[in-house]
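Notes to accompany the following structure.
The values are calculated or read from the model by the stated rules, or taken from the named source; none is laboratory data. None of these values were measured; they are calculated from a predicted model. Cβ atoms come from the backbone with ideal geometry, glycine included; neighbour counts cover every protein chain shown. All accessible areas refer to the heavy atoms of the entire protein, side chains included, with ligands and DNA or RNA removed. Shrake-Rupley method; radii C 1.70, N 1.55, O 1.52, S 1.80 Å.
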Protein chains: 2
Amino acid sequence: MAEDRIDFWLTLGSTYSYLSVTRIGAVAKTAGVNFRWRPFAGVRALTGAAPFPDGAAKTRYMWRDIERRANMYGIPLKLPVPYPSANLRLANSVAFLGMREGWGEQFVCASYRHWFQHGEENGGEPHLRASLAECGQDFERVVALSQGDTVQHDLDAETDEARRIGIFGAPSFVVGSEIFWGDDRLDDAINWFKHSRLGPSGQKP
Amino acid sequence: MAEDRIDFWLTLGSTYSYLSVTRIGAVAKTAGVNFRWRPFAGVRALTGAAPFPDGAAKTRYMWRDIERRANMYGIPLKLPVPYPSANLRLANSVAFLGMREGWGEQFVCASYRHWFQHGEENGGEPHLRASLAECGQDFERVVALSQGDTVQHDLDAETDEARRIGIFGAPSFVVGSEIFWGDDRLDDAINWFKHSRLGPSGQKP
């Protein structure tokens, strides 16, 4: 097929993206598929609403569901973690810059590890400092560039592009014009990428 | 384990429930698992909001996603279908009565078939008449009983029970205190029921 990779739309602050970010490297290797990581400004920036309001049954379910699935994948996790995140715009700006400069995937992984394993507030200064240090990046330089006009403009353009193609949540995996929303749809996206259908032989994967 | 069945919470008007309703009989037989069908008054009755607002990107995704998954399962489908449904309270009252009287599962299946294959407005009189006829049930008798105080009271109590245990969407599968939300989580529910974990050997199913 024409596409040479699956677009992996993510946004720091998305809880389920922890699962995808952590396992996607191994999944890509096993499946022999390339993913292009595309951070955008946030789910609220796309839809106008927070996906998991405080106190909602859906929010309680989300935490338990992530815990069950992390156990299934063997992914470490220490709940509760601070939620929602206060400074997502900056965190996503840093991730966006990192993708340009080549340390973005490493930063996103470190950032989720510090949030979900060490309980550091995602997007806060201690969290960003620790995550950037793991990538060998200078905090002051990166934050100044991330807050600059170029990154801010381009992150908005990327978020507009996410909205244009129909993204409304994270993680989302995009193969051509097909969107697969949710960490639990990663296998579906890979099957679609390889066979243009959900299951390898038209059956449930 | 102590539980002898999986609770299958559904509500007529839920689009994804079409997939579960249609395939759950075969799934139950293959897995050797019993499901107790528990209709409740509606997602809006639980959460106060419609799950798929008109014009939203999530709503467009939902229709395409159902189409892809119906194809995977080999389930017939003729989109678009009338949505949302106008008289869900009555449709769910009929389903609730049917579960008591023994023709409920048949009615729910017929009801979804008439909605998703024949394009009849779910809960409208032609739709209810046709679906009840397939179960050999008299429309006037059933509607009178369904609108009566007993069914109305008990359907509300069942909906309160759904809210109490943390249901916020349909379909939901419940094993003990564990909720699995979505048709795509039916396998997870079965694995949890049998092995108290998501995958048969601790791996992704």
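Which number in (1) open to solvent by 20 Å² or more (accessible area, probe 1.4 Å); (2) within 30 Å of B:Ala45 (Cβ to Cβ) marks the one condition that A:Met62 misses?
Failing condition for A:Met62: (1).
Taking the range A:13-27, which residues are open to solvent by less than 20 Å² (accessible area, probe 1.4 Å) and out of contact with any Ser or Thr (no Cβ under 6 Å at 6 or more places or on another chain)?
Hits for the range A:13-27 are A:Ser14, A:Thr15, A:Ser17, A:Tyr18, A:Leu19, A:Ser20, A:Val21, A:Ile24.
For the range B:97-112, which residues satisfy the criterion of being acidic (Asp, Glu) and within 13 Å of the chain's Cα centre (by Cα)?
B:Glu105
Tell me which of these A:Gly176 doesn't satisfy, since it passes every other one: (1) within 11 Å of chain B (Cβ to nearest Cβ); (2) surrounded by fewer than 14 Cβ atoms within 10 Å (Cβ to Cβ).
Of (1) within 11 Å of chain B (Cβ to nearest Cβ); (2) surrounded by fewer than 14 Cβ atoms within 10 Å (Cβ to Cβ), only one is false for A:Gly176: (1).
Give the number of residues within the range B:9-31 that are under 10 Å from the mean Cα position of the chain (by Cα) and of a type outside the set (Gly, Ala, Ser). Step through it out loud before you land on a result.
Looking only at the range B:9-31, we keep the residues that are under 10 Å from the mean Cα position of the chain (by Cα), and these are B:9-22.
Going one step further and asking which of them are of a type outside the set (Gly, Ala, Ser), we end up with B:9-12, B:15-16, B:18-19, B:21-22.
Number satisfying all stated conditions: 10.
Could you please give the count of residues in the range B:119-150 that are of a type in the set (A, V, I, L, M, F, W, C), part of a helix (DSSP H, G or I) and open to solvent by 10 Å² or more (accessible area, probe 1.4 Å)?
Total satisfying the criteria: 6.
How about the range B:70-118: which of its residues are part of a helix (DSSP H, G or I), among the small types (Gly, Ala, Ser) and within 14 Å of chain A (Cβ to nearest Cβ)?
B:Ala70
Would you say A:Val43 is out of contact with any helix residue (DSSP H, G or I) (no Cβ under 8 Å at 6 or more places or on another chain) and β-branched (Val, Ile, Thr)?
yes
Which condition number in (1) at pLDDT 95 or above; (2) open to solvent by 20 Å² or more (accessible area, probe 1.4 Å); (3) out of contact with any Leu (no Cβ under 7 Å at 6 or more places or on another chain) is the one that B:Gly98 fails?
Just one mismatch for B:Gly98, condition (2).
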